[in-house]
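Notes to accompany the following structure.
The values are calculated or read from the model by the stated rules, or taken from the named source; none is laboratory data. What you see is a predicted model, and the numbers here were worked out from it, not measured in a lab. Don't worry about glycine lacking a Cβ; one is built from the backbone with ideal geometry, like all the others, and counts go over all protein chains shown. For the accessible areas, the whole protein counts, side chains as well, though only heavy atoms, and no ligand, DNA or RNA atoms are used. Shrake-Rupley method; radii C 1.70, N 1.55, O 1.52, S 1.80 Å.
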Amino acid sequence: MKILALIPARKGSKGIKNKNFKTFNSKPLIFWTIKAAKESKYLDKIVVSTDSKKIKNYSLKQGVDCPFLRPRNISNDKSTAKDVISHALNYLNKNYNYYPDVLVYLQPTSPLREAHDIDESCKLFLKKNADLLYSIGKVDHNQN
């Protein structure tokens, strides 16, 4: 079974400029997602989808694939996860004849996610023969 991790990391953000390179625990945010993905026992391919040459070069140095620069028309605040996923899957299928059985979408803005979390999610997804698994967490908005 082919399980692809897709990490969406565009350079722009309406809230925080270059947010994927903002440091968390002395490393860029994207580092933590790449690290967790690389340590996962379930993922057989990791691809970063970005519109940034800086993020692409960083990702390649971290040992993950970044085979394209995402087109500008799907690299803005109105772009959807569906746009990013469709582009990546079409590109990988057309250029590498690769199409995964399962896709794991790992956003760099969740630096506390660890390989264990990815693996437990994959295990549950496969055990239940699910069509979709989406993780959420409760946030206490009264954090003063």
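How many residues does the stretch 2-20 hold that are touching an Asp or Glu at 6+ places or on another chain (Cβ under 7 Å) and farther than 18 Å from residue 85 by Cβ?
Keep residues of the stretch 2-20 that are touching an Asp or Glu at 6+ places or on another chain (Cβ under 7 Å), which gives 2-3, 10-11, 14.
If we keep only those that are farther than 18 Å from residue 85 by Cβ too, we end up with 11, 14.
Counting residues in the stretch 2-20 that are touching an Asp or Glu at 6+ places or on another chain (Cβ under 7 Å) and farther than 18 Å from residue 85 by Cβ gives 2.
Keeping to the stretch 72-116, report how many residues are surrounded by fewer than 15 Cβ atoms within 10 Å (Cβ to Cβ), out of contact with any strand residue (DSSP E or B) (no Cβ under 8 Å at 6 or more places or on another chain) and under 28 Å from residue 19 (Cα atoms). Can you show your working first?
Restricting attention to the stretch 72-116, the residues satisfying the condition of being surrounded by fewer than 15 Cβ atoms within 10 Å (Cβ to Cβ) are 72-73, 76-78, 80-82, 86, 90, 93-97, 99, 101, 110, 112, 114, 116.
Subsequent filtering for residues that are out of contact with any strand residue (DSSP E or B) (no Cβ under 8 Å at 6 or more places or on another chain) retains 72-73, 76-78, 80, 82, 86, 90, 93-97, 99, 110, 112, 114, 116.
The next check asks that each one be under 28 Å from residue 19 (Cα atoms); those that pass are 72-73, 76-78, 80, 82, 86, 90, 110, 112, 114, 116.
The qualifying residues number 13.
Candidates are the residues of the stretch 34-60 that are out of contact with any strand residue (DSSP E or B) (no Cβ under 8 Å at 6 or more places or on another chain) and of a type in the set (A, V, I, L, M); the one that is most open to solvent (accessible area, probe 1.4 Å) is 60. Show the residue pairs that are 6+ apart or on different chains and have beta-carbon atoms under 6 Å apart, the first residue being within the stretch 24-49 and without any contact (Cβ under 8 Å) to a residue 60 or more places away in the chain, the second being open to solvent by 70 Å² or more (accessible area, probe 1.4 Å) and of a type outside the set (A, V, I, L, M). From the stretch 24-49, the pairs are 44/2.
Of all the listed residues (110, 52, 59), the sole one being under 13 Å from residue 7 (Cβ atoms) and over 14 Å from the mean Cα position of the chain (by Cα) is 52.
The residue that is nearest to residue 72 (Cα to Cα), among those in the stretch 9-30 that are open to solvent by less than 50 Å² (accessible area, probe 1.4 Å) and touching a strand residue (DSSP E or B) at 6+ places or on another chain (Cβ under 8 Å), is 9.
Between a first residue in the stretch 115-137 that is closer than 18 Å to residue 41 by Cα and a second residue that is open to solvent by 100 Å² or more (accessible area, probe 1.4 Å) and among the aliphatic types (A, V, I, L, M), which pairs have beta carbons less than 8 Å apart while being 6 or more apart in sequence or on different chains? Between residues of the stretch 115-137 that are closer than 18 Å to residue 41 by Cα and residues that are open to solvent by 100 Å² or more (accessible area, probe 1.4 Å) and among the aliphatic types (A, V, I, L, M), the close pairs are 126/1. Identify all residues within the stretch 90-120 that are modelled with pLDDT of 95 or more and among the small types (Gly, Ala, Ser); write none if there are none. Listed by number, the list holds a single entry, 115.
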